[in-house]
1. Filter segment 77-93 down to the residues that are open to solvent by less than 100 Å² (accessible area, probe 1.4 Å) and not in a helix (DSSP H, G or I), then identify the one that is farthest from residue 142 (Cα to Cα).
2. Condition test on residue 96, is it open to solvent by 90 Å² or more (accessible area, probe 1.4 Å) and in contact (Cβ under 8 Å) with a residue 40 or more places away in the chain?
3. Checking the condition in a helix (DSSP H, G or I), touching a Leu at 6+ places or on another chain (Cβ under 9 Å) and open to solvent by 100 Å² or more (accessible area, probe 1.4 Å), which residue from 65, 124 passes?
4. So, in segment 129-152, of the ones that are modelled with pLDDT under 85 and surrounded by 11 or more Cβ atoms within 10 Å (Cβ to Cβ), which residue ends up nearest to residue 54 (Cα to Cα)?
5. Residues to consider are 74, 57; find the one that is assigned to a helix (DSSP H, G or I), out of contact with any strand residue (DSSP E or B) (no Cβ under 8 Å at 6 or more places or on another chain) and either in contact (Cβ under 8 Å) with a residue 24 or more places away in the chain or open to solvent by less than 70 Å² (accessible area, probe 1.4 Å) (or both).
Amino acid sequence: MQAGQDDPESEDEVYEVVDLTEYARRHQWWSRVFGNNSGPIAEKYSVATQLMMGGVTGWCAGYVFQRVGKIAATAIGGGFLLLQIANHSGYVQVDWKKVEKDVNKAKKHLKKKANKAAPEINTFIEEATDFIKRNIVLSSGFVGGFFLGLAS
């Protein structure tokens, strides 16, 4: 028997240390499921992975938007209904001339503020458009998932 081959106490044996955190960073579970990058995309994920990630996040956003929208519509509609009933019963009197005056005042104020805020809004729109163009697969998955979330 040669020294170092089958002897567990031999100092010639070499052990490889595996850093699991580094391995997990390099090998995500979706890489095993959907494969590696499939094109010259800024993202490091395959088309299927991008569609899945966009679709899931879109569905979640659509579902939450639908639920919150229904609750908000019910609350606002119910509030207007109660105000109309109270107005019709005589509990509430609305000064429509004052309402019109306040609405016109708010319109003028919003027009002044809109001119000042326009550059920031335009910059945001340009950044959003650029993001959508660069990540068209992810964005299309999000839109599809969003509509499915609204429908469910």
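The values are calculated or read from the model by the stated rules, or taken from the named source; none is laboratory data. Everything quoted here is computed from the prediction, not taken from an experiment. For neighbour counting, all protein chains shown are included, and Cβ atoms are generated from backbone atoms with ideal geometry for every residue, glycine included. Accessible surface is based on the protein model in full, side chains and every heavy atom, while ligands, DNA and RNA are left aside. Shrake-Rupley method; radii C 1.70, N 1.55, O 1.52, S 1.80 Å.
1. For segment 77-93, the residue satisfying everything is 90.
2. In short, no.
3. After applying the criteria, what remains is 65.
4. Within segment 129-152, the match that is nearest to residue 54 (Cα to Cα) is 138.
5. Checking each option against the conditions leaves just 57.
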